[in-house]
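The values are calculated or read from the model by the stated rules, or taken from the named source; none is laboratory data. Bear in mind that the values here come from a model prediction, so they are computed numbers and not experimental data. No Cβ is skipped: glycine too gets one built from the backbone with ideal geometry, and neighbour counts run over all protein chains shown. Heads up: the accessible areas ignore ligands, DNA and RNA and are worked out on the full protein's heavy atoms, side chains in. Shrake-Rupley method; radii C 1.70, N 1.55, O 1.52, S 1.80 Å.
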Amino acid sequence: MRSISVKRTASGYVQATFQAAVDAVIPPVFQGSGGSIQIVGAAQLGVHKYVIRQLDHSQFIPVGMPVEPLMSLSMSTAVMLDAGAEELVHIGAMTDPVSRMLYPEGGTFSALSRINRLKAIALINQLAIPIHALPFPYQNNPGLIQTMMESLHQLTMFGYYSEWFGYGRTRCLPPEEQRVECFPPGWRMSGYPGPSFGYRGLRGFLLKYPHQKGADGYE
Amino acid sequence: MNNPNVIVIGSGGGGAVVAKELGEKGLKVVVLEAGPWYGNSQWPDPGRRGAAGSSSSPKDLDIALFRNQYTKFEGEMNDLITGRLRWGPADRNRPPWFRNLSERGFVWQVAGVGGTTQVYLANSPRAFPEAVEHIWPISYRELIPYYEKVEATLPVEFAPTTAKEELFYYGAKKAGWPLIKTLNVTSPGYRPQPNAILPPNKSLMNPAYSLEQLARMEGCTLAGHCINGCPHGPSMDKVAKRSTNVSYVPLALQTGNVTIRPNAFATRIMTDRHAADGLTAIGVQFRDTWTGETEELRAEAVVMAAGCIESPRLWLNSGLPQNPWVGKGMVNHYMDWVTGLFDERDLMSVLGSTSTEPFVGHTSGARLDYPGLGSILVTGLSPGLTGSMSFGLSQAGYASHPYSAGISAFGQGWVVGAEFQEWMFNYRRTLSIAILTDDDVDSRNGVTLDPMLKDEHGSLPKIRYVPGRKARRNRKELIKIAIDLLYKAGARKVQLSDWPASLLIHIESTMRMGVVVDENGEAFQVSRLYIADNSVHFNGLGGVNPTLTTQALATRTAEKLIDKYFGD
Ligand SMILES: Cc1cc2nc3c(=O)[nH]c(=O)nc-3n(C[C@H](O)[C@H](O)[C@H](O)COP(=O)(O)OP(=O)(O)OC[C@H]3O[C@@H](n4cnc5c(N)ncnc54)[C@H](O)[C@@H]3O)c2cc1C
């Protein structure tokens, strides 16, 4: 792999890795009936920032355990994604060349093509990587590794289709200070009208509830 | 709050019911609740540190406040990490409380007054009689009057039909299933959900009333926010979806005998050895989640209703006597999820409209029950939850799965990229079905204490759930039924999620009746210690939603507790 001149910072590395991850889950293309069209992808919406924040916010620090120096959960997850990518390279299962063009601050994972990033995630999900060499809390912790592969998908999708992007300027504030400022693109795309007071959608009743009928129908 | 007769730990599905029943009979009750209290004027801003203390007056309940806090935004409400309705302290700047799972998945429980019923869908079926009769230590008939009392109190009513229910009924009928009319289900068929949701407002279809006006009146407005937390109604006690914070809690406060202390995490059951009764519960130690201070409260009896994870954890962290079944035998309905995609023209011919409107009506308004296998429920979620639960959660990864053998063609596993976007683009033409499996009690499944990890409340619960052969077989059969129903209803494409087994939503049976507690809900090994949550179920009820049965048992347990210790 050719050397790069970009200065990599820890946060730049985490950002790039998660950008590459959410971009693989929700890329900026859409396959409609009339062929593929451009849409806004998860990375363009900044959904990686949401995923990173939620992971780090959920991090459990055990009572009575030395916390210093504790790696942030987003950092250890980024390292795990790279471990998956390196394993993919190692077993020769890569189908496209690597490129540092898109995410110069990232590691091996973010240098992979989209399809190969998904393959790396699949390898991790199958625990087909050296899990003894992963950082805490993933080291030899298969349940948590697989849960995190679920969470990467779930958080990306939830970030994209819930109101998160609509928080606008309050997006990166603490939860109590977030306010919905605009209609998020995910709602437009899915046709969700947003929270409602109600719908005049009543089509009738199939049955009336048999209150106080005891063991009715049970002999 | 001093010198109560009874302390209840937890104010969720079971705890709120016990508190109301005891209070109604004149007992002084204090409820300790780990999470916040939304809709109470004592805590106008529950997420920020306020005055410590408790509330015991129905006048403190404030619907205007509640509407501001239950915003119906799925991120603000349902996010498991920072949402208002999460398993964690009131202060959302702090992390959620951690659970250690040995398998992939997550525990979906909610802290706060109302507990997990704040997000539940309010589906309130009775157990399948065949799962109880001659199996539980008490008979199904014994349960019926208690079911009736809870059904009348909540109340439970059959769900109204909206587009998604109509499509579900159409598919069920075409697939040859009969309509079941009884509440005591002994043979397979479909029916409207018995839901703890007030009937729709009679003026809902009358354009003279605006929807905003209707949302402030009594009755469901079909707003589709059951899972996001329902704030609709004229007052706290008349909110449409009957989570316990708007049903049993107001009733409990109205007795004048019940005090609820939120932000209070019980960490130890205190006991004493009495000559007559042996080991006896005498009080509870708890920690204020804002100040971190530990306090003690004494009473003549203690009821644990902290849910299926925390009740056994509390027992174990309190060093109560060894019992090989404490924490063990957990069931969880080995759940799954299938989604069908429909064509506008097909929908037009069945529904007279071109959309399934997944966000309209009760979150789940119809079901198909199959005693011996479990049940399937039509369900419509807001789009973030739909995306993540339908397409982002799968133990199959990106792969297809051996289940596909013998089932008509369908996709399976995570869906990403353009295909995911296509599903979501067609969100309004999807119909999802949740699958609840009759699974088996296995003593290897359940809650133990983590030997290493502790949080501020003691050793962490370590949780294992691996479904057995019966659960795997039953789930496969139910998947076939659900997929067939979707295709019969006209689906053009079906996606099976293949949810991980340890996605824990219907957790039951970790402190089972007959082994940990007697048939009256009192612990065999500790007198005056009762349990009244999902954990006392002897099994998974045959694969139906658990809460109504917990509430019936809690009603009965309160009665038995009074008879034994407070009778004259
Ligand atoms: C999304 C979702 C949908 C659901 N839909 C349905 C449905 O439609 N029908 C149905 O029957 N069931 C449903 N369920 C399940 C239902 O929520 C539970 O069956 C029910 O809430 C269980 O009641 P419980 O009393 O056992 O526990 P909970 O309702 O969880 O209550 C336990 C309470 O105890 C508190 N607590 C815990 N530990 C402590 C402690 N140490 N000290 C003080 N307080 C403590 C908690 O904060 C909580 O308030 C659903 C669940 C989810 C997640």
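Extension gain for residue B:296-residue B:186 works out to 34.8 nm (0.36 nm per residue, less the C-alpha to C-alpha distance). Computed from Cα positions, the angle between helix A:73-90 and the longest principal axis of chain A comes to roughly 60 degrees.
Placing +1 on the Cβ of every Lys and Arg and -1 on the Cβ of every Asp and Glu, with no other charges, gives the protein assembly as shown a dipole of roughly 1220 debye about its Cα centre. Taken about its Cα centre, segment B:185-291 carries a charge dipole of roughly 160 debye when the Cβ of each Lys and Arg holds +1 and the Cβ of each Asp and Glu holds -1. With all protein chains in place and ligands, DNA and RNA left out, the 1.4 Å accessible area ranks B:316, A:152 as B:316, A:152, largest first. Among beta bridges from DSSP that stay inside the protein assembly as shown, the antiparallel ones total about 70%.
Nearest 100 Å², what total accessible surface is buried between chain A and chain B (probe 1.4 Å)? Mind showing how you got there, number by number?
On the way: alone 13850 and 20500 Å², together 26710 Å².
Accessible area lost upon association: around 7600 Å².
Equivalent ellipsoid of segment B:498-564: semi-axes from √(5λ) of the C-alpha gyration tensor, largest first, are 25, 13, 8 Å. On a 0 to 90° scale, report how tilted helix A:47-58 is relative to the longest principal axis of chain A, with both axes built from alpha carbons and the result rounded to the nearest 10. Compared with the principal axis, the helix lies near 90 degrees. With everything on Cα atoms, drop me the angle between helix B:307-317 and the longest principal axis of chain B, reported from 0 to 90° to the nearest 10. That works out to roughly 30 degrees.
Please report, to one decimal in angstroms, the Kirkwood hydrodynamic radius of the protein assembly as shown built from all distinct Cα-Cα pairs. Working shown, then result.
On the way: mean 1/r = 0.0376 Å⁻¹.
Mean inverse Cα-Cα distance, inverted, gives 26.6 Å.
From the gyration tensor of the Cα coordinates in chain B, what semi-axes in whole Å does the equivalent ellipsoid have, largest first, with each one equal to sqrt(5λ)?
Numbers: eigenvalues 271, 137, 100 Å².
Taking √(5λ) for each eigenvalue gives 37, 26, 22 Å, largest first.
May I ask you to compute the full-extension gain from residue B:354 to residue B:57, defined as 0.36 nm times their residue separation minus their alpha-carbon distance, rounded to one decimal in nm? So the chain would gain 102.1 nm between residue B:354 and residue B:57. Solvent exposure of segment A:10-190, expressed per residue, is 40 Å² of accessible area, with all protein chains present and a 1.4 angstrom probe. Of the listed pairs B:59/B:238; B:72/B:202; B:72/B:241; A:208/B:173, which have alpha-carbon separations greater than 21 Å here? Beyond 21 Å: B:72/B:202. Modelled this way, with points 7 Å down the Cα-to-C-beta line, the labels at residue B:102 and residue B:492 are 4.6 nm from one another. Taking A:78, A:93, A:21 as the candidate residues, the one with maximal mean-square fluctuation in a Gaussian network model of chain A, Cα springs under 10 Å, is A:93.
Ranking B:349, B:430, B:303 by how far each Cα lies toward the positive end of the dipole of chain B (charges on Cβ) leaves B:349 at the top.
Determine the dipole magnitude for segment B:137-238: charges of +1 sit on the beta-carbon of Lys and Arg, -1 on that of Asp and Glu, nothing else is charged, the reference point is the Cα centre, and the result goes in debye to the nearest 20. Write down the numbers at each step before the final one.
Details: 10 positive and 9 negative charges, 64 e Å.
Roughly 300 debye, rounded to the nearest 20.
What do you get when you divide the Cα radius of gyration of segment A:10-190 by 2.2 N^0.38 Å, with N the number of residues? Before the final figure, lay out each step's value.
On the way: Rg = 16.9 Å, N = 181, 2.2 N^0.38 = 15.9 Å.
That works out to 1.06 for segment A:10-190.
Modelled this way, with points 7 Å down the Cα-to-C-beta line, the labels at residue A:56 and residue A:205 are 5.3 nm from one another.
Calculate for chain A the 222 nm mean residue ellipticity that helices alone would give, adding -39,500 (n - 2.57) per DSSP H run of length 4 or more and normalising by residue count, nearest 500 deg cm²/dmol.
-12500 deg cm²/dmol
When the Cα positions of B:547, B:143, B:334 are compared along the charge dipole of the protein assembly as shown, B:334 comes out farthest toward the positive end, with charges on each C-beta of Lys, Arg, Asp and Glu.
DSSP beta bridges in chain B, what fraction antiparallel, as a percent rounded to 5?
Values: 56 of 82 bridges.
So the antiparallel bridges in chain B amount to around 70 percent.
Put +1 on the Cβ of every Lys and Arg and -1 on every Asp and Glu Cβ in segment A:10-190; which of A:139, A:70, A:155 then has its Cα farthest towards the positive end of the dipole? Positive-end residue among those listed: A:155.
Calculate what fraction, in whole %, of the accessible area of segment B:1-116 sits on carbon and sulfur atoms when a 1.4 Å probe is rolled over the protein chains. Please list the in-between numbers first.
Numbers: 1680 of 3530 Å².
For segment B:1-116, the apolar C and S fraction of the accessible surface comes to 48 percent.
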